[in-house]
Amino acid sequence: MDMVTNEKLYEIAEEARANAYAPFSKYHVGAALLTADGKVYTGVNIENSSYGATICAERTAFAKAISEGEREFVKIAISAGDVESTPCGICRQFMYEFAPEIEVITKADGKLRIRKLCQLLPDGFVLDQ
């Protein structure tokens, strides 16, 4: 299996962005989530007339992967075109539940930025199970 580079993962997120459904904000986001065993799951933001029913690209990718039995995640790339897009607060906490150390890949000024989720959400929490 070929190694999925940060650049390739970001490229996959950028390609997924074309499928976003954002008639209200016009803010199209794509995400590409890499599992520990090398699988990639994509997601896009999906807006809804009932704004609370809107789902972000990161949670879409995670939901697809989790529904297929995945539980170990390594990296997620997020693309919103020409502007850097970091995960919103809900997505940060959602992802923290499964992967507090996941690498979050974004792009700013033409360069990839890589940070750990725990840097973006330093006080995330997971309830005792």
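The set of residues in the range 90-129 being without any contact (Cβ under 8 Å) to a residue 24 or more places away in the chain and in a helix (DSSP H, G or I) consists of Cys118, Gln119. Within the range 18-74, the set of residues being of a type in the set (S, T, N, Q), under 17 Å from Gln93 (Cβ atoms) and over 11 Å from the mean Cα position of the chain (by Cα) comprises Thr54 only. Take the conditions (1) assigned to a loop (DSSP other than H, G, I, E, B); (2) in contact (Cβ under 8 Å) with a residue 60 or more places away in the chain; (3) of a type outside the set (A, V, I, L, M); Lys75 misses just one of them, which is (1).
Of the residues Ala57, Ala63, Ala77, which single one is under 15 Å from Arg115 (Cβ atoms), open to solvent by less than 70 Å² (accessible area, probe 1.4 Å), small (Gly, Ala, Ser) and at pLDDT 95 or above?
Values: Ala57 fails: under 15 Å from Arg115 (Cβ atoms); Ala63 fails: under 15 Å from Arg115 (Cβ atoms).
Going through Ala57, Ala63, Ala77 in turn, just one is under 15 Å from Arg115 (Cβ atoms), open to solvent by less than 70 Å² (accessible area, probe 1.4 Å), small (Gly, Ala, Ser) and at pLDDT 95 or above: Ala77.
None of Ser49, Ser25 is of a type in the set (S, T, N, Q), open to solvent by 90 Å² or more (accessible area, probe 1.4 Å) and outside any helix (DSSP H, G or I) except Ser49.
The values are calculated or read from the model by the stated rules, or taken from the named source; none is laboratory data. Worth saying up front: this structure is predicted, and the values here are computed from it rather than measured. Glycine gets a Cβ as well: all are built from the backbone with ideal geometry, and neighbour counts include every protein chain shown. Note: accessible area is taken over every heavy atom of the protein model, side chains too, but ligands, DNA and RNA are not part of it. Shrake-Rupley method; radii C 1.70, N 1.55, O 1.52, S 1.80 Å.
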